[in-house]
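Taken together, the values in this text are just the output of simple stated rules run on the coordinates, not laboratory data. This structure is a prediction, so every number in the text was calculated from the model and none was measured. Virtual Cβ from ideal backbone geometry, glycine too; neighbours counted across all protein chains shown.
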Amino acid sequence: MELLVRYLDRSNSICSGSTQDIIKEDTLRDDLKYYFMSPCEKYRARGQKPWKLVVQILKIVMITTQLILFGLNNQLVVSYKEENMMALKNLFLKDYSGVDEDDYSVAVYNQQQVYDSLFFVLDQYSQLGRLSVGPISYAEDEEGKLLPLILCKEYYKRGTLDPSDEAFDIDSELETVCMSHDPKTANQWKSQNSSFFDLDFYRLVDIRATFQLKGINLQTVRSRELPDCYSFYVTITFDNQCHSGKVKIFLDIDAQSCACRDWKISGTAQKNTHYLLVFDAFVILVCLTSAVLCTRSIVLAVRLLQRFSRVFHENYNHKVCEDDQKEFLNGWYVLVIVSDLLAIVGSILKMEIQAKSLTSYDVCSIFLGTSTLLVWAGVIRYLEYFQKYNVLILTMTAAFPKVLRFCCCAGMIYLGYTFCGWIVLGPYHEKFESLSRVAECLFSLLNGDDMFTTFAQLKDKNSLVWLFSRAYLYSFISLFIYMVLSLFIALITDSYETIKSFQKNGFPLTDLQKFLREQKDVPVSEESSQTDVHVQNSAFCCCRRVPEGDDVVLIS
């Protein structure tokens, strides 16, 4: 009798354990099905509102609006700097044509032209207030004194030169001599410093005139924003380093904006600034909400993966493959979080710029522009739920590893052509003067742009180099257009055809998909808490109402 009781107890315990395993497996299967549903399907199944979708739509609208507002303001800043650059070149460079020659503004070829151009800079600086039509003037120090113009010349310490006898004696050590004057003593520049302007051109390396100006960008008033005050650090260089008989003249400006110290403006500019600050703060709040929701989804996905791996190992004695693990680690959530962080940093910088505490327009533009790019790219995630729109994403995902390996191999050949073209054709062709320009030129040729101009611009002064250039260009174009580019397109086309075939005949089932298909239409439950709720009418046309007799359970 005791043996019978023990046998029945053991049988009951085995059946009870098997039943618990089945319930646990069915619960996991239901949670997995729910995890891979679209927002509308989740709403129909458990009545969960698509909060992440709503936040993403709101974030797209707000970040795009923020970007447009900042972009319009940034255009005013950039145009102000560029137009001031052009104005100062016309004011201080003698015989400036309005168009730079290569990388310099003006070139002079005799001694008298050098003196005339140099004195022209000094004279124009002394009467700037009567010449400039813009709100620009001399800079002052903290005590209210005008900052002087500083003129420096750099030359070899000692030297003699006799080209006719092919003889020279040069001390390579450089010396620098400077003088400074404010505009009030402009009439005394030439008389008191006659020795300074006695130039030995065979020893002269360069002459630099540096001065600082102040300006106010009033055009932002039209956009109802506070104007910025600017400091222009101007450097005019007479470059004679080549000693070729051609002196290049450069004018460089470093413009820095700051908040004006004493200002008064009538109108709505100040109020408009406050509205923009509030709007930027709301953008930060929305991005924080989005980042928190996506982080929560990643954490829940990791927990779900751990449950699936544990059940799969216990019940099937099998390890989850990497492809199935990647299904849980949604890269779109990572993309959204990165875009949120960039948008938050960009919004903080924009608020600082709006409050005139910072002037980093370029840095702020990079953050806001990149965040907007990633936000709009993240919209593709919701198109994955539609088969007709999912072809692009699936093709890119399937082709990316093969394309990446192919580009690594082709890149080695591309780099070889880049270095070869720079060292051989650089002295004879303007498109091959630097490594970056060579890479850009070859990429342009790869896409079939500007081919004849590249052939025709080579200087036909060295027959050997000319013949080499033809072989170089013909081989590159033939190799990369007819072979490399065609193979590149073929890789993507092959992935596209494979995806189309799978969509027509069905995709290969993974272990995860086989596990989900083992049982259908089971009650929805959650290990931690189970609550019955009735799904209400949806505000979206894609969501349907669940019959009143069917109960579903909401996962907390």
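Here are the numbers for this structure:
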item	result
Two-site FRET efficiency, TYR233 against CYS409, from Cβ-Cβ distance with R₀ of 60 Å, rounded to 0.05	0.80
Inter-label distance for LEU131 and LYS319, nm, one decimal - labels placed 7 Å from Cα along Cα-to-Cβ	7.7
Gyration tensor verdict on the stretch 340-399 (Cα atoms; rounded if a/c is under 1.5, prolate if a/b is larger than b/c, oblate otherwise)	prolate
Sorted peptide list for 131-138, 334-341, criterion being average Cβ within 10 angstrom, highest first	334-341, 131-138
Whole-number D in µm² s⁻¹ for the stretch 41-88, Kirkwood Cα-pair radius fed into Stokes-Einstein, 10 °C, 1.306 mPa s	114
Length gained when the stretch HIS243-GLN256 is fully extended (0.36 nm per residue, less Cα-Cα span)	1.3 nm
Shape of the stretch 97-150, Cα gyration tensor, a/c cut at 1.5	prolate
Descending semi-axes in whole angstrom, ellipsoid equivalent of the stretch 25-161, from the Cα gyration tensor	66, 21, 16
Over 25 Å (Cα to Cα) - which of LYS81/LYS356; LYS52/LYS319; LYS89/LYS157; LYS184/LYS246 fall in this group	LYS52/LYS319; LYS89/LYS157; LYS184/LYS246
Order by protection proxy (mean Cβ within 10 Å, highest first), peptides 118-126, 196-204, 213-221	118-126, 213-221, 196-204
Mean-position separation - Cα centroids, the stretch 74-118 and the stretch 329-377, in angstrom	36
Percentage relative contact order, the stretch 70-186, counting C-alpha pairs under 8 Å, at least six apart	19
Sites ILE150 and SER475, calculated FRET efficiency, Cβ-Cβ separation with R0 56 Å, nearest 0.05	0.60
Shape of the stretch 396-470, Cα gyration tensor, a/c cut at 1.5	prolate
Two-site FRET efficiency, PHE197 against SER434, from Cβ-Cβ distance with R₀ of 35 Å, rounded to 0.05	0.45
Simple spin-label estimate for LYS500 and LEU373 in nanometres, 7 Å along Cα-Cβ	3.1
